[in-house]
Amino acid sequence: MASLSFGPKGERLVTGSTDAVVRIHDASTAKVLSLCEGHEEFVHAVAYATQGDVVASGCDDGTIRIWSAKTGDLVREWKGRQKRILAVRFTNDGARLLSGGQDGTVRVWSVETGALVRRLDAHEKSVIALDLDPGEKRLVTGSGDHSLRVWSYPEMKPIRTLEGHTGRITAVRFHPDGRRLASSSYDKTVAVWDVATGAKLQQAGPLEKIVWDVAFHPGGELLASAGGDGRIRLHPVGKR
């Protein structure tokens, strides 16, 4: 299991895997509800839209796909032009999809047409992870250079760099309150950061295997992590 994302009500979970299959799960039991099949390589990134009951996936083959979360049917597909697609994230209205790629860029796409809307040259190394805060005022990117960068959105102006991981970043997620974010890394740790100050508030690990992805429950009290051992772990999150 390489990536995961909760549905908007916290009842469903989408996962991507090394076996090229995207799966929709019942979040409370982990039972597989539907399969999205068609990718031919490692699915590095998945995202669940807050509207429209669709999910997105990004793959090593450079494609971005939109799927029906109910049936697993393919809705739309396009080439991301970023070599490998390593991160995807819908905007709140579901009209745009952000992707991060091996070429170090973030690109913003029209979900309806697959047209490129905007491009940000974010890191010299791969953009492995990205997320928008709940108000869509800030964008965070995580890279193969071990750093996290916070940007204004949609202006794409740099705000802050967060440093502390000792390995490539694998995932980043804003907390529902927008004041914190979580990250995971090849250093086998999960961290929670204060966005305003850049301070590290919590850390879990080092764990047994690399942590590939993290996702906050919509209530904000739990942080899920997906590890290289195939397990999903739930980490309590402190209150602010």
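The values are calculated or read from the model by the stated rules, or taken from the named source; none is laboratory data. Here the structure is a predicted model, which means the values were calculated and not measured. For neighbour counting, all protein chains shown are included, and Cβ atoms are generated from backbone atoms with ideal geometry for every residue, glycine included.
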Right, Thr71: part of a loop (DSSP other than H, G, I, E, B), at pLDDT 90 or above and more than 17 Å from the chain's Cα centre (by Cα) or not?
yes
Might you check whether a residue that is buried (at least 16 other Cβ atoms within 10 Å of the Cβ), out of contact with any strand residue (DSSP E or B) (no Cβ under 6 Å at 6 or more places or on another chain) and of a type outside the set (D, E, K, R) occurs anywhere in region 69-84?
no
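Matching residues to (1) out of contact with any Cys (no Cβ under 6 Å at 6 or more places or on another chain); (2) over 22 Å from Gly101 (Cα atoms); (3) buried (at least 21 other Cβ atoms within 10 Å of the Cβ); (4) modelled with pLDDT of 90 or more:
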| position | (1), (2), (3), (4) |
| --- | --- |
| Gly142 | yes, no, yes, yes |
| Glu163 | yes, no, no, yes |
| Leu207 | yes, yes, no, no |
| Gly220 | yes, yes, no, no |
Suppose we keep only residues that are outside any loop (DSSP other than H, G, I, E, B), over 19 Å from the mean Cα position of the chain (by Cα) and not polar (S, T, N, Q) within region 180-203. Which one would you say is nearest to Val140 (Cα to Cα)?
Lys200
Could you please let me know if Arg107 is part of a strand (DSSP E or B) and free of Cβ contacts under 8 Å to residues at least 60 places away in the same chain?
yes
Quick check, is Leu181 touching a residue at least 12 places away in the same chain (Cβ under 8 Å), under 14 Å from Ala199 (Cα atoms), surrounded by 23 or more Cβ atoms within 10 Å (Cβ to Cβ) and not hydroxyl-bearing (Ser, Thr, Tyr)?
yes
Checked pairs for region 187-200, first on the phi > 0 side of the Ramachandran plot, second of a type in the set (Ser, Thr, Tyr), C-beta under 8 Å and 6 or more apart or across chains, list as Gly198/Thr161
Return the residues of region 7-38 that are farther than 16 Å from Lys70 by Cβ, surrounded by fewer than 21 Cβ atoms within 10 Å (Cβ to Cβ) and in contact (Cβ under 8 Å) with a residue 40 or more places away in the chain; say none if nothing qualifies.
Gly10, Ala30
